[in-house]
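Enquirer: Attaching a single structure in structure tokens format; questions to follow.
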Amino acid sequence: MMPYDDDLTPVELQAFEELARRHEPSQLLEERTVRALLAEGLLRPRARRTLPWVVAAAAASVVLYLGGVATGQWLSSRQATEMISTMEQNHALEAAALVQQTGSAYSQAIAALAQIPTSADSQDVSQGREVALTALYSAANELVRLTPDDPVVVRILQVLDHDRTESDTVQSPATRRVIWF
Amino acid sequence: MTSDRDLVDGVVRDGNERAFRELYRRHTPRLYLTALRLLGQSPMDAEDAVQETWIRAVREMGRFRWESSLGTWLIAIVGNVARDQLRSARRREARDLATVVELEVEHHQGVGIDLERAIALLPEGYRAVLVLHDVEGLTHEEIGAALGIAPGTSKSQLFGARRSMRALLNPMRNEG
């Protein structure tokens with residue numbers, strides 16, 4: 001007999017068999033690992049052109065709609081309907097183009113809003129700001145659905161979530177005067 | 001379900017991120033738990049070990065011969081990584097085993113502790129061999145390769161590890 005022969009008893013064997021075999025680490029570890037591998041050139045970055053067009057279209061539609069609200073006359077409801085309809089029917093590339101187009105409209109609208117002196121029509125400016133934030137929050141939500149593994153997008157949503165939670169606790173509903181057109 | 005071999009081919013040939021993520025999700029829960037056990041239940045250290053394991057694994061994947069399963073190969077790597085981590089962090093426990101057993105027996109007043117805790121309390125050399133052999137099912141040859149020790153050393157370590165484990169689990173029996 002070998003000096004180190006020392007088999008486990010059936011009870012011990014059973015105890016070992018009953019030990020857990022799997023335990024999930026934090027979700028961030030996957031991203032951290034992938035980034036490290038990309039940085040070392042051991043993986044190639046995933047092509048982003050294969051994004052599901054339906055999700056892109058959904059995000060685009062949110063931005064489109066809320067951008068339209070913010071800009072008032074920029075986009076009429078008829079145009080929005082047509083654009084959403086277009087997104088539903090057309091290729092992902094067109095949907096992505098619509099995201100770009102409506103995103104630009106959204107940015108320009110906020111830029112226009114920022115040009116207005118805060119003293120003038122402060123209530124309207126404040127409403128515009130709230131609408132813009134709501135649109136941004138909705139878009140961030142959709143983006144997280146689109147790319148749940150993207151830590152940047154997740155962080156943006158977390159910041160907005162935090163901001164909304166805080167402002168909800170600070171402001172009573174009566175002080176929030178967003179008017180949906 | 002795509003086989004491990006096909007996924008590995010995708011990673012080796014194309015650096016395919018999607019294939020890697022699939023492999024990661026398939027094997028990481030087991031790797032992580034093994035790392036936790038090897039590193040004395042420290043989640044942060046275990047996550048570092050898992051990340052380093054995957055980096056080493058992807059570097060070496062092209063040379064993997066499929067003489068064992070991918071899972072076993074990865075476990076051997078995590079064993080190696082954990083050993084390096086413990087060395088570099090100089091976390092060798094100053095307490096010798098007798099002290100550990102004594103303290104535990106005293107603390108639990110003769111009542112046995114559970115197996116998971118007993119494993120965590122073993123000195124790292126014993127712990128590594130016990131986890132890799134008795135929990136993960138690696139052979140002494142595989143353990144030797146992973147930890148940079150002779151298979152005979154692995155056997156003797158396992159012998160000592162099991163004795164220590166029993167002392168921790170059944171202090172009353174060992175007192176007599």
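The values are calculated or read from the model by the stated rules, or taken from the named source; none is laboratory data. Worth saying up front: this structure is predicted, and the values here are computed from it rather than measured. Note that each Cβ is placed from the backbone with ideal geometry, even for glycine, and that neighbours are counted across all protein chains shown.
Enquirer: Every residue in the range B:123-135 that is surrounded by fewer than 24 Cβ atoms within 10 Å (Cβ to Cβ) and within 14 Å of chain A (Cβ to nearest Cβ), please. Talk me through it step by step, then tell me what you get.
Expert: We begin by selecting, within the range B:123-135, every residue surrounded by fewer than 24 Cβ atoms within 10 Å (Cβ to Cβ); these are B:123-126, B:133-135.
If the condition is that a residue be surrounded by fewer than 24 Cβ atoms within 10 Å (Cβ to Cβ) and within 14 Å of chain A (Cβ to nearest Cβ), then B:Tyr126, B:His133, B:Asp134, B:Val135 are the ones that fit.
Enquirer: Something else now. Could you list, in sequence order, the residues of the range B:1-12 that are more than 9 Å from chain A (Cβ to nearest Cβ) and modelled with pLDDT of 95 or more? Please lay out each step first, then the result.
Expert: Taking the range B:1-12 and keeping what is more than 9 Å from chain A (Cβ to nearest Cβ), we get B:1-10, B:12.
Correct list: B:Ser3, B:Asp4, B:Arg5, B:Asp6, B:Leu7, B:Val8, B:Asp9, B:Gly10, B:Val12.
Enquirer: Which of the following residues is at pLDDT 90 or above, assigned to a loop (DSSP other than H, G, I, E, B) and within 16 Å of B:Ala82 (Cβ to Cβ): B:Leu138, B:Leu130? Let's see the steps before the verdict.
Expert: Details: B:Leu130 fails: assigned to a loop (DSSP other than H, G, I, E, B).
Within the list B:Leu138, B:Leu130, the selection yields B:Leu138.
Enquirer: Related question: Would you check if there is a residue in the range A:35-54 being assigned to a helix (DSSP H, G or I), in contact with a Leu (Cβ under 8 Å, 6 or more places away or on another chain) and either within 30 Å of B:Gln51 (Cα to Cα) or at pLDDT 80 or above (or both)?
Expert: Within the range A:35-54 (the criterion being assigned to a helix (DSSP H, G or I), in contact with a Leu (Cβ under 8 Å, 6 or more places away or on another chain) and either within 30 Å of B:Gln51 (Cα to Cα) or at pLDDT 80 or above (or both)), the answer is yes, since at least one residue qualifies.
Enquirer: Quick one: how many residues across the range B:2-18 are at negative phi and in a loop (DSSP other than H, G, I, E, B)?
Expert: Result for the range B:2-18: 2.
Enquirer: Just give me the residues in the range B:47-72 being of a type in the set (A, V, I, L, M, F, W, C) and closer than 23 Å to A:Ser26 by Cα, in sequence order. Working first, answer last.
Expert: From the range B:47-72, those of a type in the set (A, V, I, L, M, F, W, C) are B:49-50, B:54-55, B:57-58, B:61, B:64, B:66, B:70; that's our starting set.
Across the range B:47-72, the qualifying residues are B:Ala49, B:Val50, B:Trp54, B:Ile55, B:Ala57, B:Val58, B:Leu70.
Enquirer: Could I ask something else about it? Going by what's in this entry, would A:Ala20 be described as within 14 Å of chain B (Cβ to nearest Cβ), exposed (fewer than 15 other Cβ atoms within 10 Å of the Cβ) and modelled with pLDDT under 70? Break it down stepwise before answering.
Expert: Details: within 14 Å of chain B (Cβ to nearest Cβ): yes; exposed (fewer than 15 other Cβ atoms within 10 Å of the Cβ): yes; modelled with pLDDT under 70: no.
No.
Enquirer: Between A:Leu113, A:Leu98, A:Leu66, A:Leu146, which is under 30 Å from A:Arg35 (Cβ atoms) and either modelled with pLDDT of 75 or more or of a type in the set (A, V, I, L, M, F, W, C) (or both)? Before you say what the answer is, go through the steps one by one.
Expert: Details: A:Leu113 fails: under 30 Å from A:Arg35 (Cβ atoms); A:Leu98 fails: under 30 Å from A:Arg35 (Cβ atoms); A:Leu66 fails: under 30 Å from A:Arg35 (Cβ atoms).
Result of the check over A:Leu113, A:Leu98, A:Leu66, A:Leu146: A:Leu146.
Enquirer: To continue, here is another question. Which one of these does A:Gln73 not meet: (1) surrounded by fewer than 11 Cβ atoms within 10 Å (Cβ to Cβ); (2) modelled with pLDDT of 65 or more; (3) more than 11 Å from chain B (Cβ to nearest Cβ)?
Expert: It fails just one condition, (2).
Enquirer: Here is a follow-up. Give the residues of the range B:31-69 that are surrounded by fewer than 23 Cβ atoms within 10 Å (Cβ to Cβ), of a type in the set (Gly, Ala, Ser) and within 12 Å of the chain's Cα centre (by Cα), sorted by residue number.
Expert: If the condition is that a residue be surrounded by fewer than 23 Cβ atoms within 10 Å (Cβ to Cβ), of a type in the set (Gly, Ala, Ser) and within 12 Å of the chain's Cα centre (by Cα), then B:Gly40 is the only one that fits.
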